[in-house]
Amino acid sequence: MDFKGMIDISDNALKEIAVRSICSVFEISEERKIKKIRKALEIERSPEDNVIVNVRLTFPYGKPLVELGKSIMERIKFDIERMTDLQVLTVNVTVEDIEEGEAETKEKGSEEIEDKE
């Protein structure tokens, strides 16, 4: 049986794949942070229907920014290409801000308690 038809993958579906890729690298599960990533992510298509991903992120303090950025780029590219058979031309990551992670906040809190004793 020779079946003909077309499968179109929306930009919204590509965006969701990229969001989940970022969340897996950052190990994020908080809905508030996931929504923030969704808002900071844009999908573009080239005339050849290749994918371009642009994302602006807040990185955790103390982590190697370039290494983490490369991990995000590689994960997004791998996941989109594996799940969709579309080619990802580029993934552009902008480090927009740095924030203290929960681990650093807890460590500082325990140091302050020790200092007071």
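A few remarks follow.
- Counting residues in segment 25-45 that are hydroxyl-bearing (Ser, Thr, Tyr), open to solvent by less than 70 Å² (accessible area, probe 1.4 Å), out of contact with any Pro (no Cβ under 8 Å at 6 or more places or on another chain) and on the phi < 0 side of the Ramachandran plot gives zero.
- Residue list for segment 46-61, filter: free of Cβ contacts under 8 Å to residues at least 40 places away in the same chain and open to solvent by 50 Å² or more (accessible area, probe 1.4 Å): Pro47, Glu48, Asp49
- Some residue of segment 62-69 being modelled with pLDDT of 95 or more, in a helix (DSSP H, G or I), open to solvent by 50 Å² or more (accessible area, probe 1.4 Å) and of a type in the set (Asp, Glu): yes
The values are calculated or read from the model by the stated rules, or taken from the named source; none is laboratory data. Everything quoted here is computed from the prediction, not taken from an experiment. For neighbour counting, all protein chains shown are included, and Cβ atoms are generated from backbone atoms with ideal geometry for every residue, glycine included. When the accessible area is computed, the model is the full protein with side chains, heavy atoms only, and any ligands, DNA or RNA have been set aside. Shrake-Rupley method; radii C 1.70, N 1.55, O 1.52, S 1.80 Å.
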